[in-house]
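These notes concern the structure reproduced below.
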Amino acid sequence: MAKKVPAERTHHGDTVIDEYAWLTDKDDPETISYLEAENAFLKEETAHLTELQEQVFQEIKGRTQETDLSVPSRKGGWWYFTRTEEGKQYATSCRVPADGDTPPEITPGERLDREQVILDGNELAGDSAFFSVGTSSVAPDGTMLAYSTDFKGDERFTLRFKNLVTGELLADEISDIFYGGAWSADGSAFFYTRVDDAWRPFQVYRHTLGTSEDVLVYEETDERFWVGIGLTRSERYLVLGSGSKITSEVRILDAADPAGEFRLVRPRKTGVEYGVEHAGDFFYVLHNENAQNFELATAPLDDPGSWTALIEHRDDTRLLEIDAFAGHAVVHFRRDGLTGLRVLPEGEAPYEIGFPEPLYDVGPAGNPEFVTNRLRLAYTSMVTPASVYDYDLATRELILLKQRPVLGGYDAEDYEQFREWATAEDGTEIPVSVVKRKDTTLPAPTLLYGYGSYETSIDPGFSVPRLSLLDRGFVFAIAHVRGGGEMGRRWYEEGKLTSKKNTFTDFVAAAGHLKQAGWSGKVIARGGSAGGLLMGAAVNLAPEEFAGVVAEVPFVDALNTILDPSLPLTVIEWDEWGDPLHNADVYAYMKGYTPYENVDDRAYPPILAITSLNDTRVLYHEPAKWIARLRATASGGPFLLKTEMGAGHGGRSGRYDAWREEAFALSWIIERGTE
């Protein structure tokens, strides 16, 4: 039981006593002692699951081809690919010279004569408990590599440069940078972003190799906006983007003139988002000005702010991305809850690529070359393992290059997937994707996954660890609730700000539908980050609907966090959740659903919360406070907290460590479903 230290909070005339605010002090030895005590308690409470955890871990490991490699991707004079090796936690990035247009035949575990290791994650990680690569970018001429590393999980990376001709590491080293970055056309300069104290990428710098004085080329003063920079596929333009949750602004620079001045495409206008892609003698612009689901336009190189519609807005189709190539372009879109690809060939009528399954997820995969007659795409479904195809633009043929091996005798014919529709409180039909073994007897224990924020879609894809549930007679389902993007921009807007409660009631409706339709006898809920907020809010609304809840890095103390602009991400998040600090109505609305604020003395199902001490996105103290209040206030449970003491938002970094973490969560879920 956590100690109670009353702390008073007053906003808009409302005074709240927070007994667990003391847990926000990460530097207090009592906080660390408490988290360690919770970990010890968790270990005791789950000790009986040790054998099952090991069994599930071995199942995941046994179904995975540990020594494997990716499909080589052509860029310039090289074929690039990654290797994984049995017993090693991290991947190794490699390349071989390109002697033609046909990818080399590589056998997993064997080395090619002229193979070059670009970056060995295992060598870099050493004995570190956590390791992550943030950026890995080869210069246009293929001679230099920029890469960044994080050894804590706080997503503050250190940038270094490697000469790929000599293998030497340059003396240049830059700390505290964000993800991503971009080379100039000649490889003499690298552009990168820095974050402020609130973990917001707000500055873009130009680093000239061999120098120590980097040049600030752009600083974003509006605290709602993030910045990022990239190089177009054509390698003609550097694109500097600044964006909030609802507004964007783009600047461009000739990549051959890295010391030049960036040109503004079009000034920011609240509510208008746009992106720019170079297509040879013109730009493509994807934007939502007077187009809720976005419109594709073209713009001249000398006047990129002058937009002419090419694909006009449609109510039933959300345009997501545009990939431009020499001679064609590909639009990534979403319709009826599924993703799709539309090809725009030069001089020919546009067309869409068809796929045979009723549920699937498809999108472009890599495609670094500007001049190409093939489109590399990734395809998966809830029964089809991740697959890589080349689409031949001349013959319009899909060529399977690789499907992820699933060892142990997996047969897709043993499983089946469905699309169900649950009816929400307001009559809206909510899509639910479902997969099970064909021989599973219904009703069956069901794991229901949800997210529902930031227009992020949880698409129907394949999972090797999920087989450990399905083969034990579980049903797995995804509730595509409002706040996500599965059904277009309207779907997102109906699940944000003061419509946020739709996300939670949609999820409860999905759980109820699975029971009423005969799929499920017990529903265990799972979600992470903003999906963890969904877990906490849904279980407050209807604790009786769930036999258990897994909340990973859960955003459960949302009101307290969004009230504090000094915390990471807070000001940026006001466009998503509202601004309770300055708006009394938003304050009251958020207080009505935030999980931590609404725990009461009812019976709750067992809850497992998983967090990381170094998480910069959802701070560890949110689930810590939530579990403390549940244990002190509610009946039922048990309520368990697991804190990774050396990781960040994504949990442990090595693949074997990640499999063990997943086996732990799955063993807990299996017990909830079968007890």
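The values are calculated or read from the model by the stated rules, or taken from the named source; none is laboratory data. Note that the structure is predicted; figures quoted are calculated from it, not measured. Note that we place each Cβ from the backbone using ideal geometry, even for glycine, and neighbour counts take in every protein chain shown.
Exactly one condition in (1) under 21 Å from Asp361 (Cβ atoms); (2) in contact (Cβ under 8 Å) with a residue 40 or more places away in the chain; (3) in contact with a Phe, Trp or Tyr (Cβ under 8 Å, 6 or more places away or on another chain) is not met by Pro443; state its number.
Only one criterion is unmet by Pro443, namely (1).
Take segment 204-223 and flag every residue that is crowded, with 19+ Cβ neighbours inside 10 Å and within 26 Å of the chain's Cα centre (by Cα).
If the condition is that a residue be crowded, with 19+ Cβ neighbours inside 10 Å and within 26 Å of the chain's Cα centre (by Cα), then Val204, Tyr205, Glu220 are the ones that fit.
For segment 105-127, name all the residues that are farther than 21 Å from Lys162 by Cβ and β-branched (Val, Ile, Thr).
We begin by selecting, within segment 105-127, every residue farther than 21 Å from Lys162 by Cβ; these are 105-110, 113, 127.
Result: Ile106, Thr107.
Which one is nearest to Glu486 (Cα to Cα) among residues in segment 287-296 that are surrounded by 21 or more Cβ atoms within 10 Å (Cβ to Cβ) and of a type in the set (A, V, I, L, M, F, W, C)?
Looking at residues that are surrounded by 21 or more Cβ atoms within 10 Å (Cβ to Cβ) and of a type in the set (A, V, I, L, M, F, W, C), I get Phe294.
Among the strands (runs of 3 or more DSSP E) confined wholly to segment 355-413, which include 1 or more residues that are crowded, with 18+ Cβ neighbours inside 10 Å? First the steps, then the outcome.
Details: elements: 361-364, 374-380, 387-392, 397-403.
Where strands (runs of 3 or more DSSP E) fall fully within segment 355-413 and carry at least 1 residues being crowded, with 18+ Cβ neighbours inside 10 Å, they are 361-364, 374-380, 387-392.
Restricting attention to segment 45-56, report how many residues are within 18 Å of Gly637 (Cβ to Cβ) and either among the hydroxyl-bearing types (Ser, Thr, Tyr) or surrounded by 14 or more Cβ atoms within 10 Å (Cβ to Cβ) (or both). Reasoning before the result, please.
Going through segment 45-56, the residues within 18 Å of Gly637 (Cβ to Cβ) turn out to be 45-49.
Pick out the ones that are also either among the hydroxyl-bearing types (Ser, Thr, Tyr) or surrounded by 14 or more Cβ atoms within 10 Å (Cβ to Cβ) (or both) and you get 45-46, 49.
Within segment 45-56, residues that are within 18 Å of Gly637 (Cβ to Cβ) and either among the hydroxyl-bearing types (Ser, Thr, Tyr) or surrounded by 14 or more Cβ atoms within 10 Å (Cβ to Cβ) (or both) number 3.
Pick from Val250, Val276, Val285: which is free of Cβ contacts under 8 Å to residues at least 24 places away in the same chain, closer than 25 Å to Arg224 by Cβ and not in a loop (DSSP other than H, G, I, E, B)? Reasoning before the result, please.
On the way: Val250 fails: free of Cβ contacts under 8 Å to residues at least 24 places away in the same chain; Val276 fails: free of Cβ contacts under 8 Å to residues at least 24 places away in the same chain.
Every option except Val285 fails the conditions.
Name the single residue, out of those in segment 459-482 being over 22 Å from Thr64 (Cβ atoms) and more than 23 Å from the chain's Cα centre (by Cα), that is surrounded by the most Cβ atoms within 10 Å (Cβ to Cβ).
Val475
Kindly provide the set of residues from segment 238-284 that are surrounded by fewer than 17 Cβ atoms within 10 Å (Cβ to Cβ) and of a type in the set (A, V, I, L, M), ordered by number.
Residues satisfying the conditions are Ile246, Ala256, Ala259, Leu264.
What are the residue pairs meeting all of these: first residue in segment 647-664, first residue of a type in the set (Phe, Trp, Tyr), second residue at pLDDT 85 or above and assigned to a loop (DSSP other than H, G, I, E, B), Cβ atoms under 6 Å, and 6 or more apart or on different chains?
Tyr656/Gln89
Look at Gly228 and say whether it is at pLDDT 95 or above, in contact with a Gly (Cβ under 7 Å, 6 or more places away or on another chain) and not aliphatic (A, V, I, L, M).
So Gly228 fits the description; yes.
When segment 1-38 is examined, which residues are found to be part of a helix (DSSP H, G or I) and surrounded by 16 or more Cβ atoms within 10 Å (Cβ to Cβ)?
Ala21, Trp22, Leu23, Thr24, Thr31, Tyr34, Leu35, Glu38
Can you tell me which residue is surrounded by the most Cβ atoms within 10 Å (Cβ to Cβ) among those in segment 328-341 that are closer than 18 Å to Ala279 by Cβ and touching a residue at least 24 places away in the same chain (Cβ under 8 Å)?
Val331
Any idea how many residues of segment 302-354 are over 19 Å from Asp392 (Cβ atoms), hydroxyl-bearing (Ser, Thr, Tyr) and in a strand (DSSP E or B)?
Summing the residues that are over 19 Å from Asp392 (Cβ atoms), hydroxyl-bearing (Ser, Thr, Tyr) and in a strand (DSSP E or B) in segment 302-354 gives 3.
Can you name the condition, by its number, that Phe418 falls short on among (1) surrounded by fewer than 24 Cβ atoms within 10 Å (Cβ to Cβ); (2) not in a strand (DSSP E or B)?
The one condition Phe418 does not meet is (2).
Given the criterion modelled with pLDDT of 95 or more and either buried (at least 20 other Cβ atoms within 10 Å of the Cβ) or among the hydrophobic types (A, V, I, L, M, F, W, C) (or both), identify the matching residue among Leu112, Leu42.
Criteria check complete, one pass: Leu42.
Just to check your reading of the model, which residue among Phe325, Phe294 is of a type outside the set (Asp, Glu) and under 23 Å from Ser137 (Cβ atoms)? Walk me through how you get there before you give the answer.
Values: Phe294 fails: under 23 Å from Ser137 (Cβ atoms).
Just a single option satisfies the conditions, and that option is Phe325.
Among the candidates Thr456, Thr503, Thr498, which residue alone is over 21 Å from the mean Cα position of the chain (by Cα), under 21 Å from Ser244 (Cβ atoms) and touching a residue at least 12 places away in the same chain (Cβ under 8 Å)?
Checking each option against the conditions leaves just Thr498.
Looking at Thr633, Thr643, Thr674, which is the one that is under 26 Å from Ser132 (Cβ atoms) and either hydroxyl-bearing (Ser, Thr, Tyr) or modelled with pLDDT of 95 or more (or both)?
It is Thr643.
Would you check which residues across segment 608-644 are outside any helix (DSSP H, G or I) and within 13 Å of Val550 (Cα to Cα) and list them?
First, the residues of segment 608-644 that are outside any helix (DSSP H, G or I): 608-620, 634-644.
Residues satisfying the conditions are Leu608, Ala609, Ile610, Thr611, Gly637, Pro638, Phe639, Leu640, Leu641, Lys642.
Would you call Ala510 among the small types (Gly, Ala, Ser), at pLDDT 95 or above, closer than 23 Å to Ala665 by Cβ and in contact with a His (Cβ under 9 Å, 6 or more places away or on another chain)?
Details: among the small types (Gly, Ala, Ser): yes; at pLDDT 95 or above: yes; closer than 23 Å to Ala665 by Cβ: yes; in contact with a His (Cβ under 9 Å, 6 or more places away or on another chain): yes.
When the stated conditions are applied, Ala510 passes them.
Restricting to segment 99-146, count the residues that are out of contact with any strand residue (DSSP E or B) (no Cβ under 9 Å at 6 or more places or on another chain), in contact (Cβ under 8 Å) with a residue 12 or more places away in the chain and on the phi > 0 side of the Ramachandran plot.
Selection size over segment 99-146: 0.
Taking only pairs six or more apart or across chains, which ones have beta-carbon atoms under 7 Å, a first residue in segment 196-214 that is more than 19 Å from Asp186 (Cβ to Cβ), and a second residue that is of a type in the set (A, V, I, L, M, F, W, C) and exposed (fewer than 13 other Cβ atoms within 10 Å of the Cβ)?
Note: pairs meeting the criteria are Gln203/Leu216.
Which members of segment 73-84 meet the condition of being closer than 17 Å to Leu119 by Cβ and either more than 24 Å from the chain's Cα centre (by Cα) or touching a residue at least 40 places away in the same chain (Cβ under 8 Å) (or both)?
The answer is Ser73, Lys75, Trp78, Trp79, Tyr80, Thr84.
Which members of segment 252-289 meet the condition of being of a type in the set (Lys, Arg) and within 23 Å of Ile311 (Cα to Cα)?
Scanning segment 252-289 gives Arg266, Arg268, Lys269.
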